[in-house]
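The values are calculated or read from the model by the stated rules, or taken from the named source; none is laboratory data. Since the model is a prediction, treat every value here as computed from it, not as a measurement. Every residue, glycine as well, gets a Cβ built from its backbone with ideal geometry; the counts of neighbours run over all protein chains shown. Just so you know, the surface numbers come from the protein's heavy atoms only, side chains and all, with ligands and any DNA or RNA stripped out. Shrake-Rupley method; radii C 1.70, N 1.55, O 1.52, S 1.80 Å.
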Amino acid sequence: MTEEIKFILDSTKESMNGSIAHLEKEFLNIRAGKASPQMLGGVYVDYYGSQTPLSQVANINTPDARTITVTPWEKSMLQPIEKAIMIANLGFNPMNNGDNIIISVPPLTEERRKELVKQAKAEAEDAKISIRNARKDANTEIKKLEKEGTSEDICKTAEEDVQKLTDAFIKKIDEHLVIKEAEIMKV
């Protein structure tokens, strides 16, 4: 195997690993019944005119499985944080007690669970598309090498290796999805 092909395979694998990591991160944002600080990961607060992630203007804790508390570093941020959580449309109803914002995480309804499963499936599909794009890029590079004179056999083997990588990573995505789906549907 030539150095170039080894490089193509390594960079393809790295790209596919990045897709899996991204999927795992996205799955953290899909809540599955119990409270976690990641649920507020997509909330941005207007902090002196710029959109800032909530985690950069407040402490986010989960004292129990059904409650999230948000303690801003500046008292003046209570209202903007409360507003940002409402705007994020996460299905939460934040309560402001003057010091912190308390969010009671309601148990998921069957309908909401199904919506979350759909969302998880969409994220998984995006990850698969990303994997397939990495495969396409790798195969394009291999074809270029073949045109530049690398033996046809070596290139065919490399393409088979890329397909094996693709199949393995798609299988990983499916496994992640099955786990997440079970987590969401568990009452």
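Assorted remarks:
- Test for SER76: is it out of contact with any Ser or Thr (no Cβ under 6 Å at 6 or more places or on another chain), part of a helix (DSSP H, G or I), surrounded by 12 or more Cβ atoms within 10 Å (Cβ to Cβ) and among the polar types (S, T, N, Q): no
- Residue in segment 84-93 that is at pLDDT 85 or above, among the small types (Gly, Ala, Ser) and in a loop (DSSP other than H, G, I, E, B) present: no
- Subset of segment 104-117 that is surrounded by 11 or more Cβ atoms within 10 Å (Cβ to Cβ) and charged (D, E, K, R) - its residue that is modelled with the lowest pLDDT: ARG112
- Selection count where residues are surrounded by fewer than 17 Cβ atoms within 10 Å (Cβ to Cβ) and not aliphatic (A, V, I, L, M), scope segment 81-93: 4
- Condition met for ILE131 (open to solvent by 90 Å² or more (accessible area, probe 1.4 Å) and among the β-branched types (Val, Ile, Thr)): no
- Residue match in segment 14-24 (condition: polar (S, T, N, Q), open to solvent by less than 40 Å² (accessible area, probe 1.4 Å) and part of a helix (DSSP H, G or I)): yes
- Any hit, segment 159-172, residues being open to solvent by less than 80 Å² (accessible area, probe 1.4 Å), over 24 Å from PRO37 (Cβ atoms) and not in a helix (DSSP H, G or I): no
- The selection criterion, being under 20 Å from THR166 (Cα atoms) and within 19 Å of the chain's Cα centre (by Cα), holds for ALA21.
- Residues being loosely packed, with under 15 Cβ neighbours inside 10 Å and part of a strand (DSSP E or B) - total across segment 28-52: 2
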